[in-house]
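Please read the structure below before turning to the comments.
The values are calculated or read from the model by the stated rules, or taken from the named source; none is laboratory data. All figures in this text were calculated on a predicted structure; none of them were measured in a lab. In this analysis, Cβ positions are derived from the backbone assuming ideal geometry, glycine residues included, and neighbour counts consider all displayed protein chains.
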Amino acid sequence: MAESLGPHERALAAAVARRHYLAGESKVDIASALGISRFKVARLLDAAHELGMVRIEVVDDGLVDMELSQCLKETYGLHHCSVVVASPDAGRGRGDIGRAAADLLTEIITPSDVLGLPWSRSVADLIAALTALPPIPVVQLSGSLVVPGETRSPVDIVTRAARLAGGEAHVFFAPLVLDSAASAAAMRRQQSVADAFAQAYRVTIAAAGMGAWNPESSTICRALSPDDRQAAADTGVVGEMMGICFDSEGRPVATALGERVLTLTPEQLRAIPEVIGIVRGAAKADVLRPALAGRLVTSLVVDSDLANVLLHPSSGSVSVSR
């Protein structure tokens, strides 16, 4: 059609495009003002595109790389994916990841959901960046670790989220890792702990960080003795999420540590329909790949350094020695 337009029709197409795209007029209003049908307005807009009078450009917001996000989503069959432009500044990078995770959660959560939150610095960054939630219950999914410089406990995280939502907060005060299986079993019998884990079966959306099985990457691994770390590694553990250990195929691994940790069971984790993994840094590629293969996460918020390694394995990942 565009090639057959005469000078008058081309001028009309340009006028229609200006009114629609620049002035924001509807097709119906343009048709009424110009005395033509709205169907002709639509045809003229199509012609304006074909003739190059109108160019549409999709611009990234500066925080999220839209093209990388879509490519990673399609490659790994994810529900949702946000790839944040990597920053050389670690503090800024954590903040950017937290904001992107908060944006994603705000976009997909509904009033019928139940939000589950474990202890994690990345989850704490997400909640700190949130400004609103629908009126939903929020459930604590794990105990807490004492980490130098980190003052936010899972109780703090869940309480803040529930305050934003105006919903119930199901919390408990307990460590993530206990000294013995007997101590952990006794703690699980405490009413607040038992109640929170009972609520975990209602969780429809959760967010979690992830660590490779070395002290530099995992706060849980760092909290253990060298003998305990090695014992878990000897069973094939390559990483952990929410204190749940998994192997190179993304399969949960039963370890002696598992009996001492206050967190979800692997079965409870797999029953959650939407699990957002929040992971930063190319060094995490070797632990994120198994988690993706095992479908431990369904959506991702990562930085571009990590996304590029996931998409181009031949480029190699940055390894962190154990």
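Here are a few things to note about the model shown:
Quick grid of which residues meet (1) outside the structural domain of SER304 (by TED's automatic domain parsing); (2) among the charged types (D, E, K, R); (3) modelled with pLDDT under 90:
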| position | (1), (2), (3) |
| --- | --- |
| ALA11 | yes, no, yes |
| ALA14 | yes, no, yes |
| ARG19 | yes, yes, no |
| ASP29 | yes, yes, no |
| ALA33 | yes, no, no |
| ILE36 | yes, no, no |
| ASP60 | yes, yes, yes |
| LEU78 | no, no, no |
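- Test: residue in region 276-285 that is more than 24 Å from GLY143 (Cα to Cα), touching a strand residue (DSSP E or B) at 6+ places or on another chain (Cβ under 6 Å), not aliphatic (A, V, I, L, M) and not in a helix (DSSP H, G or I): no
- Hits in region 93-133 - residues which are of a type in the set (S, T, N, Q) and in a helix (DSSP H, G or I): THR106, SER122
- Region 207-236, subset under 23 Å from the mean Cα position of the chain (by Cα) and β-branched (Val, Ile, Thr), residue surrounded by the most Cβ atoms within 10 Å (Cβ to Cβ): ILE220
- Within region 62-76, considering residues that are surrounded by 12 or more Cβ atoms within 10 Å (Cβ to Cβ) and in a loop (DSSP other than H, G, I, E, B), the one modelled with the lowest pLDDT: LEU63
- Summed over region 256-286, the residues that are under 12 Å from GLU240 (Cα atoms) and of a type in the set (S, T, N, Q) give a count of 1.
- Complete set of residues in region 206-215 that are part of a strand (DSSP E or B) and touching a helix residue (DSSP H, G or I) at 6+ places or on another chain (Cβ under 7 Å): ALA207, ALA208, GLY211, ALA212
Listed here are the residues, each with its yes/no results for (1) touching a Ser or Thr at 6+ places or on another chain (Cβ under 6 Å); (2) assigned by TED's automatic domain parsing to the domain that holds LEU264; (3) in contact (Cβ under 8 Å) with a residue 40 or more places away in the chain; (4) within 22 Å of GLY93 (Cα to Cα).
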| residue | (1), (2), (3), (4) |
| --- | --- |
| PRO118 | yes, yes, yes, yes |
| ILE127 | no, yes, no, yes |
| LEU130 | no, yes, no, yes |
| PRO137 | no, yes, yes, no |
| ASP156 | no, yes, no, no |
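- ASP247 vs. criteria of a type outside the set (Val, Ile, Thr) and surrounded by 14 or more Cβ atoms within 10 Å (Cβ to Cβ): yes
- Residue within region 216-234 that is part of a strand (DSSP E or B) and either without any contact (Cβ under 8 Å) to a residue 60 or more places away in the chain or not basic (Lys, Arg) (or both) present: no
- Just one residue in the set ALA132, ALA124, ALA102, ALA128 is over 30 Å from ALA185 (Cβ atoms), under 18 Å from the mean Cα position of the chain (by Cα) and surrounded by 21 or more Cβ atoms within 10 Å (Cβ to Cβ); that residue is ALA102.
- Residue list for region 105-121, filter: surrounded by fewer than 22 Cβ atoms within 10 Å (Cβ to Cβ) and farther than 11 Å from PRO137 by Cα: THR106, GLU107, ILE108, ILE109, THR110, ARG121
- Within region 18-61, the set of residues being surrounded by fewer than 13 Cβ atoms within 10 Å (Cβ to Cβ), assigned to a helix (DSSP H, G or I) and either basic (Lys, Arg) or in contact with a helix residue (DSSP H, G or I) (Cβ under 7 Å, 6 or more places away or on another chain) (or both) comprises VAL28 only.
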